[in-house]
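What follows is a short report on a single structure.
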Amino acid sequence: MIAFLDIFSDYRATFTFGLIYGLFALATYASLATGVLSMAAATFGAFGGFSYARLQADHDIGLLGGLVAGLLAGAAIAWILSFVLLRLSSHYVAMATIALVLITRVFVVNLPSLTGGPNGTGLVRQSTLWWVLGVTAVCLFVFWRLANSRYGLAATAVREDPQAASTLGVSVRHIQRVSLVLSGAIGGVAGVLMADQLQFIGPNTFYIDLAFTMLAAVVLGGAYHWFGAIVGAIVFRFLPEILSDYIDDGHEIANGILLVIIMIYLPRGIVDPRRRKQREHGLGSKRKSAKADAALAHDQAEAVTS
Amino acid sequence: MTLFLQQLLNGVALGSTYALFAFGFGLVFATLGILNIAHGMFASWGALIALWGVDEYDLPFIPAVVVGVIGAGLLGVAVDRLAFNPLRKRGTGLLGTIITSIGVAIILGTLVDRFTGHRTKRYPSGTFSEDLVDIGSLNLQFIQIVNIIAAFTIAAGLYVVMRHTRMGAGIRAVGYDPDAAAISGVNAGRVILLTAFLAAALAGFAGVLSGAATSNISRGMGDALLFKGFAAVVVGGFGDVRGTLAGGLLIGVAEVMGAQYISSSFRDAITFGLLFAVLLVRPRGLFSELELKRA
C-alpha cells in the first residue's frame with residue numbers, strides 16, 4: 001500500500017494526464033461504438049479548450065462553468081458536423097475527420113483574437129487531480145449506464161450490422177448522430193481539463209498527434225468496451241513514463257512497438273468483453289456448453305427486454 | 001502576368017512533389033486497402049538515406065538518390081511484413097492497419113528525430129546544380145524542373161504499367177478482390193510485396209526531391225508530405241495515377257496562388273479546405289470514376 005502511494009505521488013501528474021487522455025479516448029470510443037471511425041475528438045477538444053481559455057480570460061469563469069461551456073461547445077460543433085460527416089461512408093468519415101483536425105489547426109493559427117494565434121493562450125489552473133478524477137468518474141458512470149440501456153443495445157447493433165439494425169427499426173443515422181454529439185461533449189470537457197492542467201494551449205495542443213494517439217489508445221485498451229478507452233489511455237501514458245527511467249529516449253519507440261504488437265496479437269484490446277464471457281461460461285467443455293448457451297441466451301434476452 | 005505565370009510554374013513544381021508522393025500513397029490505399037499513416041516516414045527515410053550516402057561515402061547525387069529510393073522501398077517491404085501482413089488473415093479492416101501504421105509512424109519518426117538530432121538537415125551545397133534555369137521570361141530552379149519531369153514521367157510510366165502490363169492487371173485485380181485475383185492465377189503475395197516496395201520507393205523519391213528542393217530533411221518534411229499527398233489522393237481520386245497527378249498539381253497551384261494572392265498564412269487552409277470540400281461533395285475524387293470497393 002505504501003509502495004502504491006509512493007508510485008502515486010511520483011506519477012501524480014502522469015496519472016492526471018492519463019485520465020484526461022482517457023476522456024479523449026472515451027470521446028473517440030463514443031463514436032466508434034456505433035461504427036463511426038472518427039478522429040474528431042481532438043477538434044472537439046480544441047473547441048472546448050479554447051472556449052474555456054477565452055471565457056477565463058474575459059469573464060473569469062470558474063472551472064465548473066468552464067466544463068459546462070466546454071461540454072456545450074463540443075456537443076454543438078459535433079451536432080453541426082454530424083450533418084456533413086454522417087452522409088459519408090465509413091472510410092471517408094475517417095479521412096474527413098483527419099482533414100478536420102488539420103483544418104482546426106489552421107484556424108487556431110489564423111484567429112489570433114480568439115485563440116492567441118501561433119503563440120497560444122495561457123490559463124490559470126483551477127482543477128486538481130480530484131476534479132479530474134471526479135469528472136472521469138461521472139463520464140464513466142454515464143457510459144456504464146448507456147451501455148446497458150436501449151441506446152447501448154442499438155449502438156452495438158448499428159456497429160455490428162447497420163443494415164440489420166435498420167431492418168429492426170433502429171434509425172442508424174440517428175444513433176450515430178447521438179454518438180457523435182456524445183463524443184463532442186466528452187471531447188469538449190476533456191479539452192477544458194487539458195487546457196486547465198497544461199495552463200497553456202497552442203495550435204499544436206489539439207493536433208493530429210493527439211487524434212492518432214487517442215484512437216490508438218482506444219484500440220489498445222479495447223474498442224468493444226467503454227472501460228477499455230480509459231485503460232488504454234493510462235497504459236499509453238504510463239508506459240513511456242516508466243520506461244524512461246530505464247531507457248533514455250526509447251520510450252516513444254516502445255509505444256509504437258506496443259501498438260503494433262497489441263494489434264497483431266490482441267486485436268480486440270486489453271479489455272475484451274467477449275473473452276470474459278468465454279471465461280465465465282467455460283471454454284468449450286462440451287457437457288456444459290448447452291447450459292452455457294442457455295445462460296448466454298438468457299442474458300441476451302434480458303438485455304433486450306430491459 | 002509574368003508574376004502569375006511564374007507562380008503557376010512554381011505551383012506546378014510544388015504540386016509535382018505532392019503528386020510523386022501521392023502515387024505511392026494512393027496505390028497502397030487502392031491495392032492493399034491500407035490508409036498508411038507511416039507513409040510520410042518513408043519519404044523522410046529516403047531523404048535521410050540519400051543524405052547518408054552523400055555525407056559518408058561522397059556519392060554523387062544520382063547514385064545517392066538511387067540508394068535512398070531503394071532503401072525506402074526495402075523499408076516499405078519490411079514494414080508491410082512486420083506490421084500489415086499479420087493483420088491480413090484476421091480481417092481487422094481499415095481500423096487495424098491505421099493503428100499499426102500509427103505505431104510504425106511513431107517508431108520511424110522517433111528514429112528520424114534521433115538521427116537528425118531534432119534538427120533540419122540539408123544536402124551539402126554542390127550536391128546538385130542550384131542554378132536558375134530561364135524559360136522565356138520565367139525561371140525555375142534546376143531541382144524544381146527535375147521534380148516536374150519526374151512527376152510526369154513516373155505518372156506516364158505508372159499509367160502504362162497499370163493499364164497495359166500483366167503486372168499492372170495483377171495489381172488492379174488484387175485491389176478489386178484479392179481472393180478472386182488469387183483464384184484466377186494472380187500471385188497475390190507477390191503483388192502485395194511489389195506494391196509495398198513500389199509505393200515506399202516512390203515516397204522515398206518524393207522525399208529526396210522535396211528535401212533537395214526545400215533544403216529540409218526532417219520528420220516534419222515527411223509529415224507535411226503525408227498530409228499534402230493525402231489531400232492530393234482524395235482530391236484527385238483513388239487508384240488512377242492521372243487523377244492523383246491532377247490532384248497533386250491542383251493542390252500545389254492552389255497553395256502557391258493562395259499564398260500569393262490571398263494570404264500566406266492561409267496556405268494550409270486552402271489545401272485542407274479543398275480536401276474537406278471534395279470529401280463532402282465528391283468523396284471519390286474530382287477525377288475518378290473508379291468505385292472504391294474495399295479498404
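The values are calculated or read from the model by the stated rules, or taken from the named source; none is laboratory data. Please read all numbers here as calculations on a predicted model, not as lab measurements. Note that we place each Cβ from the backbone using ideal geometry, even for glycine, and neighbour counts take in every protein chain shown.
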Among what's in segment A:190-226 and is more than 27 Å from B:G220 (Cα to Cα) and within 14 Å of chain B (Cβ to nearest Cβ), pick the residue that is surrounded by the fewest Cβ atoms within 10 Å (Cβ to Cβ).
A:Y224
Within segment B:182-235, restricting to residues that are among the hydroxyl-bearing types (S, T, Y) and either surrounded by fewer than 23 Cβ atoms within 10 Å (Cβ to Cβ) or over 26 Å from B:K121 (Cα atoms) (or both), the one that is modelled with the highest pLDDT is B:T195
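So that you can scan it fast, the table gives a plain yes or no per residue for (1) surrounded by 22 or more Cβ atoms within 10 Å (Cβ to Cβ); (2) at the interface with chain B (Cβ under 9 Å from one of its Cβ atoms); (3) over 21 Å from the mean Cα position of the chain (by Cα); (4) in contact (Cβ under 8 Å) with a residue 24 or more places away in the chain:
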residue: A:D60; (1), (2), (3), (4): no, no, yes, no
residue: A:L64; (1), (2), (3), (4): no, no, no, no
residue: A:V68; (1), (2), (3), (4): no, no, no, no
residue: A:G74; (1), (2), (3), (4): yes, no, no, yes
residue: A:S89; (1), (2), (3), (4): no, yes, yes, no
residue: A:Y92; (1), (2), (3), (4): no, yes, no, no
residue: A:T97; (1), (2), (3), (4): yes, no, no, yes
residue: A:L100; (1), (2), (3), (4): yes, yes, no, yes
Restricting to segment A:158-189, count the residues that are among the small types (G, A, S) and surrounded by 20 or more Cβ atoms within 10 Å (Cβ to Cβ).
7
Considering only segment B:161-197, how many residues are touching a residue at least 60 places away in the same chain (Cβ under 8 Å), of a type outside the set (K, R) and in a helix (DSSP H, G or I)?
11
Would you confirm whether any residue within segment B:79-99 is out of contact with any strand residue (DSSP E or B) (no Cβ under 7 Å at 6 or more places or on another chain) and more than 14 Å from chain A (Cβ to nearest Cβ)?
no
A:G232 vs (1) closer than 15 Å to A:A42 by Cα; (2) within 14 Å of chain B (Cβ to nearest Cβ); (3) not β-branched (V, I, T): all pass except (1)
So, of the residues in segment A:118-145 that are without any contact (Cβ under 8 Å) to a residue 40 or more places away in the chain and assigned to a helix (DSSP H, G or I), which turns out to be surrounded by the most Cβ atoms within 10 Å (Cβ to Cβ)?
A:V142
Residues being part of a helix (DSSP H, G or I) and either in contact (Cβ under 8 Å) with a residue 24 or more places away in the chain or crowded, with 17+ Cβ neighbours inside 10 Å (or both): count how many of those fall in segment B:53-65.
6
Of the residues A:L102, A:L111, A:L37, only one is assigned by TED's automatic domain parsing to the domain that holds A:G191, modelled with pLDDT under 85 and on the phi < 0 side of the Ramachandran plot; which?
A:L111
Enumeration of residues in segment A:255-275 that are surrounded by fewer than 19 Cβ atoms within 10 Å (Cβ to Cβ) and either more than 9 Å from chain B (Cβ to nearest Cβ) or among the acidic types (D, E) (or both)
A:L266, A:R268, A:I270, A:D272, A:P273, A:R274, A:R275
Would you mind stating whether B:A72 is at pLDDT 85 or above, over 30 Å from A:G222 (Cβ atoms) and among the hydrophobic types (A, V, I, L, M, F, W, C)?
yes
Listing of helices (runs of 4 or more DSSP H) fully contained in segment A:1-113 that carry 2 or more residues being over 28 Å from A:V271 (Cβ atoms) and in contact with a helix residue (DSSP H, G or I) (Cβ under 7 Å, 6 or more places away or on another chain)
A:41-59, A:63-85, A:90-110
Kindly indicate whether B:A200 is assigned to a helix (DSSP H, G or I), touching a Phe, Trp or Tyr at 6+ places or on another chain (Cβ under 8 Å) and closer than 18 Å to B:N85 by Cα.
yes
Go through the residues of segment A:223-233 one by one and say whether even a single one is assigned by TED's automatic domain parsing to the domain that holds A:I98, over 18 Å from A:I270 (Cα atoms), in contact (Cβ under 8 Å) with a residue 40 or more places away in the chain and within 14 Å of the chain's Cα centre (by Cα).
no
Within segment A:227-242, which residues are within 25 Å of A:G66 (Cα to Cα) and surrounded by fewer than 22 Cβ atoms within 10 Å (Cβ to Cβ)?
A:I234
